Amino acid sequence: MNKRMWQQPITKVAPDEVAVRGYRIEALMGQVPFAHVVYLVLKGELPTPSQGRMMDAILVSSVDHGATPPSALAARTVASGGAPLTTGVAAGIMTINRHHGGAIEGCMSLLRQAVARQQESGDSTAEVAQAVVAEARQERRRIPGFGHRIHAHDPRAARLFELARKEGVAGPYVEMAEAIQAALQDALGRPFPINVDGAMAAVLCELDFPTEIGNGLFAISRIVGLTAHVFDEITRQRPMRRISPTDHTYNGPEDREVPR
């Protein structure tokens with residue numbers, strides 16, 4: 001092999017052939033759900049049915065959160081200036097960072113450290129969680145993945161944990177996340193619940209995803225909502241408008257049941 005040649009283990013492309021992690025793409029098409037292929041591409045192996053259902057739930061959980069997040073505002077603003085759809089979507093993706101979507105990686109790191117601390121010390125999960133909260137408060141450091149500017153109880157987080165238990169995925173990281181939530185409530189004297197970023201972090205730890213990939217999964221999910229926001233901006237809104245993060249209303253379908 002040429003010494004200057006570099007290697008990558010993700011996709012093989014040859015004349016009339018595309019194979020992802022060893023699976024021909026046409027064999028995956030129509031047979032393996034998209035969320036399972038995401039798992040395959042990122043982890044290298046197809047998920048078990050339970051792992052695949054959890055990956056699907058993770059991707060659905062963050063698909064959109066209205067027009068108020070920085071990513072939606074950035075995407076709409078760029079589109080309002082006349083940029084094409086992909087440029088607007090890219091602008092939205094570029095806002096995903098420490099304070100928006102980026103809490104996933106921070107929370108994954110925190111949970112991994114806390115679970116390792118519990119296993120090494122022999123202390124209970126509750127005792128470690130209380131210590132983590134006490135140390136963060138002493139250092140005036142925010143614990144990523146907890147609290148929300150809108151939701152007192154994030155329904156997406158609750159559903160992810162419900163599904164994780166149903167699918168047999170919940171383990172020490174979900175337990176630690178819930179213990180930290182309880183410790184925060186005790187320390188603050190009010191509810192300070194885990195949000196969708198924190199719940200995603202706990203489940204991704206259970207699925208043994210690398211910490212550094214957490215924000216990427218949020219971006220994969222949110223790109224769908226950003227595409228819809230930019231398309232709406234281009235096709236339904238007037239150009240060069242002032243886009244308020246709060247002075248707007250929803251005018252889509254009323255609440256409806258999911259078909260079973």
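Does Ala199 meet the test of being surrounded by fewer than 24 Cβ atoms within 10 Å (Cβ to Cβ) and either touching a helix residue (DSSP H, G or I) at 6+ places or on another chain (Cβ under 7 Å) or more than 14 Å from Ile58 (Cα to Cα) (or both)? No. Among the residues of the range 23-40, just one is among the charged types (D, E, K, R) and assigned to a helix (DSSP H, G or I), namely Glu26.
Residue count for the range 41-76 satisfying the condition of being assigned to a helix (DSSP H, G or I), over 21 Å from Arg242 (Cα atoms) and in contact (Cβ under 8 Å) with a residue 12 or more places away in the chain: 15.
No lab work stands behind these numbers, since they all come straight from the coordinates. This structure is a prediction, so every number in the text was calculated from the model and none was measured. Every residue, glycine among them, receives a Cβ derived from its backbone with ideal geometry; neighbour counts consider all protein chains shown.
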